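Here is the structure we will look at.
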Amino acid sequence: MTLAPGTLDVPADACPPAADPRPEPSRAARRFQVLATYGTLKLAGFAVFLLLLSWAGDYRTKNPRFGGGAHPWDVLASWDGWWYQQIAAHGYHPALVPVPGATGLITLEGNSAAFFPLYPAVMRLVAECTGLGLYGAGMLVSVVCSFVAALGVYAVTARFGGHRAGLAAAGLWAVWPGSGMEWTGYSESLYVALAVWACHAVMDRRWITAGLLTFATGLARPTATALIAALTVAALLAVVRDRRRSGVLRPLTAIAVAPLGLFGYLGWVGYRMGDYGGYFKLQEGAWAHTFDWGRYTVDVFTSVPVGRFDYLSAFPFADLIGVAVVLLDIALIPLLIRLRPPVELVVYTVLTVLTVLGTQQIFCNVSRYLLPAFPLFIPLALALGRLRAPHRAVLLGMAALASGSYAGYALFELGVP
């Protein structure tokens, strides 16, 4: 049987969603339900997050750059959020500046060039157009993009299990570990919004759209390498299957365009620093972030189970959450593959997970870095989609309230986001 573009060949042994006698809602109604589901769940978790910040009050004694501020909501744009505001206000000044006399892991001064330009550029544009300050503009960008991402997560998942599964996936996007970053001054929501719709465009074989969206992700986060690889594999397979000139031009164009954002920014930073490996030297020397083929992850996984927290950048409570997230994601990968999804989703997901686990970084951030692996929502969303609406609402509602702690407070106040 020939499949129409974008349809999925689901295995016969996959359990279909339970029959629903009610008529399928209109497209506008479906979008409203997605936005309402995501917004309600996210608002509940966000409110708990702010209440925990206010109740604990630790932010009052911290530096405004490092998890502090005059109000609980000031915390949302601290840490990396401070850097993004500095870039939006003053631009970049790439440099590799040694710390005098430093001999340990941190040998270079922090520099804004470590942070990719798309989010601060959009922040600055919104601030100029609306009159909002940079804080308000950054938050507006993140919140709007989080809803755009929710629609994309719904659209991808609904192709596997229909409307109810897609709705459940949008709910999981609101409560997943690391989801506390979605309504903050960070680039996660912008990146995932671009990545999920890029994957959707590849699934529909809209190659130029996919290439342009992937180009944009390369200006948002370095983990765009996983998306670039996924698009490239899918496009090459399309070229092999359709050797006609008219059928290969668009996928080849997408392959050419997709990496230009990422390589262009890295090249510009290297040129300004006078060292084309400057970005990676800055990440390693100023933040101790480097690809180590998983040695640091192994160190964490051999330490935490026996109650030892003597590894680099240990934050016990947040790291326990990180370990649970990694185990959950690894368990979900074979369940995703069992559904025989398009190759682009498999490549994107597996490379995203491998990149995170293969990198030395602050381990408590692993739930944040794995948040873009949205295809892992699909197996759980199919299961949730088979439940009755009240049962599904109870489960997601409980997760939403708990997410204020495990997805938000644990990162910002019990770790370093």
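The values are calculated or read from the model by the stated rules, or taken from the named source; none is laboratory data. Since the model is a prediction, treat every value here as computed from it, not as a measurement. Cβ atoms come from the backbone with ideal geometry, glycine included; neighbour counts cover every protein chain shown. All accessible areas refer to the heavy atoms of the entire protein, side chains included, with ligands and DNA or RNA removed. Shrake-Rupley method; radii C 1.70, N 1.55, O 1.52, S 1.80 Å.
Projecting the Cα atoms of L262, L282, G247 onto the charge dipole of region 247-327 (Cβ charges, centred on the Cα centre) puts G247 farthest toward the positive pole. Couplings for region 334-339, taken from phi via the Karplus curve 6.51 cos²θ - 1.76 cosθ + 1.60 with θ = phi - 60°, read x, 5, 5, 4, 4, 6 Hz in order; Gly and Pro are left as x. Remark on W79: its backbone amide H falls under 5 Å from those of F66, G67, a criterion applied only to residues 5 or more positions apart or on other chains, H modelled at 1.01 Å from N. Taking amide H as placed 1.01 Å from N in the peptide plane, the amide H of T290 sits under 5 Å from that of Q360, each at least 5 places away or on another chain. For region 366-417, the gyration tensor built on C-alpha atoms gives an oblate shape. Its axis ratio a/c (a ≥ b ≥ c) is at least 1.5, and a/b is not larger than b/c. Among the trypsin sites (Lys or Arg not before Pro) found in region 273-317, those both in a DSSP coil and sparsely packed, with 15 or fewer other Cβ atoms within 10 Å of their Cβ, are R308.
The orientation-averaged projected area of the convex hull spanned by the Cα atoms of region 83-177 comes to 9.1 nm². Taking max minus min of the alpha-carbon positions on each principal axis, region 143-295 gives extents of 49, 45, 32 Å, largest first. Can you find, among P222, L371, L172, the residue sitting farthest towards the positive end of the charge dipole of the chain, where Lys and Arg contribute +1 and Asp and Glu -1 at Cβ? Checked the options; the winner is L172. Between L140 and R388, the simple spin-label model (points 7 angstrom out along Cα→Cβ) gives 4.4 nm.
Highest mean packing comes first when the peptides 373-384, 70-81, 25-36 are listed by Cβ atoms within 10 Å, giving 373-384, 70-81, 25-36. Answer with one residue from V304, P72, Y348: the one whose Cα lies farthest towards the positive end of the charge dipole of the chain, charges on Cβ with Lys, Arg +1 and Asp, Glu -1. The Cα lying farthest towards the positive end belongs to Y348. In terms of the Cα gyration tensor, with a ≥ b ≥ c the square roots of its eigenvalues, is region 145-215 rounded because a/c is under 1.5, prolate because a/b exceeds b/c, or oblate? Since a/c reaches 1.5 but b/c is at least a/b, the shape of region 145-215 is classed as oblate.
Cα centroids of region 213-266 and region 54-125: 31 Å apart. Put a plus charge on the Cβ of each Lys and Arg, a minus charge on the Cβ of each Asp and Glu, and nothing anywhere else: the dipole of region 281-381 about its Cα centre is then about 200 debye.
When volume of the Cα convex hull per residue in Å³ is calculated for this entry, the matching label among (1) 161; (2) 174; (3) 129 is (1). Its DSSP H runs of at least 4 residues, each contributing -39,500 (n - 2.57), put the calculated 222 nm mean residue ellipticity of the chain at -20000 deg cm²/dmol, to the nearest 500. To put it simply, the accessible area of the chain at a 1.4 Å probe is 67 percent carbon and sulfur.
A simple spin-label model places the labels of D204 and N63 4.6 nm from each other, with each point 7 Å out along Cα-to-Cβ. Converting phi to 3J(HN,Hα) with the Karplus coefficients 6.51, -1.76 and 1.60 and the offset θ = phi - 60°, region 200-207 yields 4, 5, 5, 4, 8, 6, 8, 5 Hz in sequence order, with x at every glycine or proline. Residues whose amide H falls under 5 Å from that of L108, counting only those 5 or more places apart or on a different chain, are V99, A286, with hydrogens built in the peptide plane.
Once all protein chains are placed together, H391 keeps about 110 Å² accessible to a 1.4 angstrom probe.
Our coupling estimate for region 345-356, obtained by passing each phi through the Karplus curve with A = 6.51, B = -1.76, C = 1.60 and θ = phi - 60°, is 5, 5, 4, 4, 5, 5, 5, 4, 5, 5, 4, 5 Hz, Gly and Pro reported as x.
Put a plus charge on the Cβ of each Lys and Arg, a minus charge on the Cβ of each Asp and Glu, and nothing anywhere else: the dipole of the chain about its Cα centre is then about 1280 debye. Summary value for region 121-176: 22 percent relative contact order, contacts being C-alpha pairs under 8 angstrom separated by 6+ residues.
Loop only by DSSP, 14 or fewer other Cβ within 10 Å of the Cβ. Give me the trypsin sites (Lys or Arg not before Pro) in region 347-388 that pass, ordered by residue number. When the trypsin sites (Lys or Arg not before Pro) of region 347-388 are filtered for loop state and at most 14 Cβ neighbours within 10 Å, R388 remain. Note on region 24-78: Rg/Rh from Cα positions, Kirkwood definition for Rh, rounded to two decimals, is 1.28.
F147 sits with roughly 50 Å² accessible to a 1.4 Å probe, with DNA, RNA and ligands left out of the calculation. For the chain, the per residue solvent-accessible surface stands at 44 Å², with DNA, RNA and ligands left out and a 1.4 Å probe.
When the trypsin sites (Lys or Arg not before Pro) in region 227-277 are filtered for DSSP coil states and for at most 12 other beta-carbon atoms within 10 Å of their beta-carbon, the remaining sites are R243, R244.
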